[in-house]
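Sharing a structure with you now.
The values are calculated or read from the model by the stated rules, or taken from the named source; none is laboratory data. If you're wondering where the values come from, they're calculated on a predicted model, not measured in any experiment. Virtual Cβ from ideal backbone geometry, glycine too; neighbours counted across all protein chains shown.
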Amino acid sequence: MSYLPSELYAALTMLGDDYISKIPQELWGCICEMRSTHVFVIDGNKPLDEQGLSEDAVAMIALLKLNYWCETEDEKTELLNLLYTNEEKLKERVASAANTRELMKIIKTHKADNN
């Protein structure tokens, strides 16, 4: 079972109406409708990257930021550059793995860093 809609609902609710109002109502309705009974608690005193969200939830929030919350092209470019840099760093780490065990360790660390 995917908790992604529940994670997104919790994160967006914590961010507030200013953010929610900028995404299409149809998308917000789907998130609300598809969320499970599992309740995610988001601490408003901590940054989202410290909330233990899944990698998929973080990716969706980045996509929402790119498509709906960036107010300038410079802001979009900066976010895209950050995403590209992070992807390149991960590719370099994966390519440097000498064996399967090392590769699995890199993947596990990457997942832990993003959760």
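Across region 34-50, what is the number of residues that are among the basic types (K, R) and either at pLDDT below 85 or exposed (fewer than 13 other Cβ atoms within 10 Å of the Cβ) (or both)?
Final tally of qualifying residues: 1.
Taking the stated definitions as given, is K105 assigned by TED's automatic domain parsing to the domain that holds Y3, surrounded by 11 or more Cβ atoms within 10 Å (Cβ to Cβ) and without any contact (Cβ under 8 Å) to a residue 24 or more places away in the chain?
In short, no.
Can you find a residue that is under 18 Å from the mean Cα position of the chain (by Cα) and either surrounded by 14 or more Cβ atoms within 10 Å (Cβ to Cβ) or at pLDDT 85 or above (or both) anywhere in region 87-95?
Looking through region 87-95, at least one residue is under 18 Å from the mean Cα position of the chain (by Cα) and either surrounded by 14 or more Cβ atoms within 10 Å (Cβ to Cβ) or at pLDDT 85 or above (or both).
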